[in-house]
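Chemist: Structure below; questions to follow.
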């Protein structure tokens, strides 16, 4: 009987392969849990251990990637909706925070407006879970004109119908 057909040798080889696979899995999993956010982002981008990585960690990474790729579009949409006469929106900064089973994103947009082209800031808060978009609202605004209720609802709808579906789709691929 050839060595290939010998069940004892095949079991021995299979056992070694399982040990190697488990060692690699445990190594990557341990690396993931003891690394900083940049290391987690690298693993998330590769899609390695997708099912083992907590949803909040994947959402954190994918949210930052989505904002970085679309910062001009997002800042323009925030300004166009909240202050339609404003000009030159710039996404100044943003933060992504993991809460209990949800993600909170705060986006600060700098822009110009008024007769003299004065500088203003508008800060938006966006919260979502794996199952749903929860809310988007303006939490800080230096403009002298208030944002209308209708524009606030439109901003919430924009994130619910345009941004959230793209993020969830990106997380599934």
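Computed from the coordinates by the stated procedures, all read-outs in this text should not be read as laboratory data. Not measured: the values here are computed from a predicted model. Methodologically, a virtual Cβ is constructed for each residue, glycine included, from the backbone with ideal geometry; neighbour enumeration extends over all protein chains shown.
Chemist: Would you mind ranking 108, 62 so that the residue whose beta carbon has the fewest other beta carbons within 10 Å leads the list? List each step's numbers first, then the result.
Modeler: Working: 108 18, 62 23.
By the 10 Å Cβ count, ascending: 108, 62.
Chemist: How would 169, 82 line up from fewest to most surrounding beta-carbon atoms within 10 angstrom?
Modeler: 169, 82
Chemist: Fewest first, what order do 138, 18, 109, 166 take by the number of other Cβ atoms within 10 Å?
Modeler: If I rank by nearby Cβ atoms, fewest first, I get 18, 166, 138, 109.
Chemist: Work the Kirkwood hydrodynamic radius out for the range 120-160: mean of 1/r over every pair of different alpha-carbon atoms, inverted, in Å.
Modeler: Result for the range 120-160 stands at 10.9 Å.
Chemist: Also: Calculate the translational D of the range 55-172 in whole µm² s⁻¹ from Stokes-Einstein, where the hydrodynamic radius comes from the Kirkwood formula applied to all Cα pairs, the temperature is 4 °C and the viscosity 1.567 mPa s.
Modeler: D = 90 µm²/s.
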